[in-house]
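None of the figures in this text is laboratory data; all of them are computed from the coordinates on show. Note that the structure is predicted; figures quoted are calculated from it, not measured. Cβ atoms come from the backbone with ideal geometry, glycine included; neighbour counts cover every protein chain shown.
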Amino acid sequence: MSILDMVLNILTLGIPFSVALVLASTGEMFNQRSGVFNLGCEGIMAMGAFLAFLPPYFLKDTLGADAANLFGLAVAIGGGALLGVLFALVVVVFRAPQGIAGIGLQMLGVGTAGTLFRHFVGGVTGVDGIANLPIPFLSKLPVLGPILFDLNPVAYATFLLVPVSWYVLFKTPWGLKVRAVGTHPRAADTMGINVAAVRFQALAVGGAFAGLAGAYLSLCQAKMFADDIIAGRGFIAVALVYFGRWHPLGILGGSLLFSIAQSFQLSVQVWGIDFPYEFAVMLPYVLVIVVLSLARKANLHGPADLGKPYNREKRV
């Protein structure tokens, strides 16, 4: 196999791998831009993956495969949004420490999804899921065709959501409110912005994105559900928000970088290259640590009030 073939194979695998990370990281970006740090992304993704799996598994014959898959995506998005609202209730209304509440949400989501799966399904079982949708003519292009134009419909939608998220965050009144309550909530409050309402909305949006990310893993990538299907992607998504400097395009770049590194380590094992297996598995995670270390040296600063509960009755 030539070097060019190796590169093309890595990219062909890496870009689909990035979809779940792009979705989860973009949702976490909205959370953090509003001033809320959500470590529970992993739990929301796990619940999204489980909820998306149920309709195709139980209702395929009743609704038809396509309708069951769409229903699964909708349930995952709605379930993720509800978990985002639940998290908002805990950290915005009750002002619980965001880090501890996030770990609690992570444990709740992963534990609940695994328990319900074993109760209602029992064991690892596959579903047809959502197949790739090659774009006519473009998918036949040399080099770029198989990499960019032979993807899953959810993948196409994800990459379209990146510029949409940029526009919403930086070009709409709601995006301005989100950035305002994350940077200086007291000033936003004096301007008539309901800080709690905006944070509830941002966390609902972030939860919906994370739920869809989990649904992509169970319906589009693995086409099954298992306890470890998320495999730490929720925590990687939180790190990628820092890497991307709270900007959708930066997050996209970080997600692609991590996913290509993951694809490389898988390809190394398949090709039988004389390279220690353990180091290949470590590579993507080491890459994230190195990038975050460099970002820290670059004096990276996020939203000024990130992680701080807002109490309008407390004067400073």
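Brief remarks on what is shown
- Principal-axis tilt of helix 153-171 within the chain, Cα atoms, nearest 10 degrees: 30 degrees
- Counted over the chain with a bin width of 10 Å, the fraction of Cα pairs per bin, in whole percents, is 6, 26, 33, 24, 9, 2, 0.
- Residues whose amide H falls under 5 Å from that of LEU133, counting only those 5 or more places apart or on a different chain, are LEU151, ASN152, with hydrogens built in the peptide plane.
- Relative contact order [Cα under 8 Å, 6+ residues apart], the range 47-202, whole percent: 20 percent
- Length-normalised contact order for the chain - Cα pairs under 8 Å, 6+ apart - percent: 36 percent
- Burial ranking of peptide ranges 196-206, 149-159 (average Cβ count within 10 Å, highest at the top): 196-206, 149-159
- Computed per residue of the chain from DSSP H runs no shorter than four, each worth -39500 (n - 2.57), the mean residue ellipticity at 222 nm is -23000 deg cm²/dmol.
- The modelled label-to-label distance between TYR156 and ALA67, using points 7 Å beyond Cα along the C-beta direction, is 2.3 nm.
- Structural descriptor for the range 1-134: relative contact order 31 percent, calculated from alpha carbon pairs under 8 angstrom and at least 6 residues apart.
- Highest-first arrangement of 45-53, 213-221, 136-144, 176-184, where packing means the average Cβ count within 10 Å: 45-53, 213-221, 176-184, 136-144
- Net +/- balance of residues flanking CYS41 in space, Cβ distance below 15 Å, scoring K and R +1, D and E -1: 0
- Given charges at Cβ of Lys, Arg, Asp, Glu: the chain dipole, positive-most of PHE50, GLN201, ASN9: GLN201
- The overall shape of the range 138-296, judged from the alpha-carbon gyration tensor, is prolate: a/c is not under 1.5, and a/b is greater than b/c.
- Among the lysines of the chain, pairs that are 8 or more positions apart or on different chains and have alpha carbons within less than 29 Å of each other number 6.
- Length released on extending from TYR167 to ASN132, taking residue separation times 0.36 nm less the Cα-Cα span: 9.8 nm
- Three-way shape label, the range 1-148, alpha-carbon gyration tensor, a/c 1.5: oblate
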